[in-house]
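The values are calculated or read from the model by the stated rules, or taken from the named source; none is laboratory data. Keep in mind that what you see is a predicted model, and the values were worked out from it rather than measured. Cβ: placed from backbone, ideal geometry, glycine included. Neighbour counts: every protein chain shown.
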Amino acid sequence: MELLSPREAAAFALSLLDLTNLRDDCDNAAIEKLCLRAQTPYGHTAAICIWPRFVAHARQILGADHAVRIATVVNFPSGDLPVAAVVEETRQAVEDGANEIDMVIPYRKLLTGDEASVTEMVEAVRAACRGACLKVILETGELKDSAVIRRASELAIAAGADFIKTSTGKVAVNATLEAADIMLQAIRDSKKRVGFKPAGGIGTVSDADLYLRLAETIMGPNWIMPSTFRFGASGLLDDILGVLGGSMVARASGGY
């Protein structure tokens with residue numbers, strides 16, 4: 001990747017950002033603020049990522065065909081819900097206006113060797129998405145082992161994921177460059193058009209730039225765009241705006 005200036009890297013990261021509010025105390029007022037924050041003087045974020053119960057409200061604010069997409073989460077954050085319940089969550093979210101579904105795999109079952117549960121969940125939710133983009137969350141910080149992360153990536157891709165995503169942002173270890181490396185290699189080796197989303201703990205433009213460089217090294221030039229790469233973050237926008245506004249005030253990594 002050619003060396004980007006801080007402003008160039010910030011502008012690029014802005015276009016790839018899923019601006020997130022998955023806080024337990026989120027309310028309608030916070031959603032209204034999030035929708036406004038996603039539309040900056042320097043351009044808009046790729047999406048907002050919110051709890052399912054707020055999708056209809058966000059759609060009412062943004063309108064039918066807004067450039068900022070609405071992502072929501074299902075089977076989140078535990079990954080433990082029955083398939084039927086997750087399918088219903090997904091169906092309702094799409095009906096309410098969600099463009100994108102971020103779904104947690106049953107990662108605890110995978111850790112016991114139950115690969116079929118992952119395939120079943122992803123395939124069922126894929127069918128319920130009705131054209132919505134499906135991002136599959138592996139929860140790599142809990143899977144830990146590189147071979148298990150690789151296998152989870154392969155299972156998700158084979159079952160129909162549009163993206164594979166590192167984390168919920170709700171556990172002790174979220175996005176890491178090590179997990180990103182494994183997941184990007186799985187995408188490359190699949191030869192399928194599948195995107196990648198690191199999420200949780202990415203709070204600065206400098207952090208973001210490391211992931212962009214890694215993705216380009218593995219996937220090649222011109223691969224990174226909003227349809228193939230997203231950042232999941234609540235705090236990254238503040239640092240992006242600081243850089244683009246010229247203040248260059250870096251911000252500590254924000255949590256969910």
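A few notes on this one:
- Answer residue from the stretch 59-73, given it is within 15 Å of LYS33 (Cα to Cα) and in contact with a Leu (Cβ under 8 Å, 6 or more places away or on another chain) and is surrounded by the most Cβ atoms within 10 Å (Cβ to Cβ) among those: ILE70
- Any hit, the stretch 13-26, residues being free of Cβ contacts under 8 Å to residues at least 12 places away in the same chain, within 24 Å of ALA208 (Cα to Cα) and more than 18 Å from the chain's Cα centre (by Cα): no
- Matching residues in the stretch 139-166 - criterion: being under 12 Å from the mean Cα position of the chain (by Cα) and either over 17 Å from THR228 (Cα atoms) or charged (D, E, K, R) (or both): GLU139, ASP162, LYS165
- Selection status of ALA161, part of a loop (DSSP other than H, G, I, E, B) and of a type in the set (A, V, I, L, M): yes
- Selection count, the stretch 152-207, where residues are more than 27 Å from LEU244 (Cβ to Cβ) and either in contact with a Pro (Cβ under 7 Å, 6 or more places away or on another chain) or among the polar types (S, T, N, Q) (or both): 5
- Within the stretch 143-164, the set of residues being over 14 Å from ALA186 (Cα atoms) and either modelled with pLDDT under 95 or surrounded by 19 or more Cβ atoms within 10 Å (Cβ to Cβ) (or both) comprises LEU143 only.
- Residue in the stretch 177-186 that is of a type in the set (D, E, K, R), closer than 23 Å to GLY201 by Cβ, more than 14 Å from the chain's Cα centre (by Cα) and at pLDDT 95 or above present: yes
- Leading residue by the ranking (surrounded by the most Cβ atoms within 10 Å (Cβ to Cβ)) among those in the stretch 213-241 that are among the polar types (S, T, N, Q) and in a loop (DSSP other than H, G, I, E, B): SER234
- Criterion (surrounded by fewer than 23 Cβ atoms within 10 Å (Cβ to Cβ) and outside any loop (DSSP other than H, G, I, E, B)) met by exactly one of LYS109, LYS135: LYS109
- Any hit, the stretch 245-256, residues being part of a loop (DSSP other than H, G, I, E, B), modelled with pLDDT of 95 or more and closer than 24 Å to PRO77 by Cβ: no
- Test: residue in the stretch 89-101 that is of a type outside the set (S, T, N, Q), modelled with pLDDT of 95 or more and over 18 Å from ILE70 (Cα atoms): no
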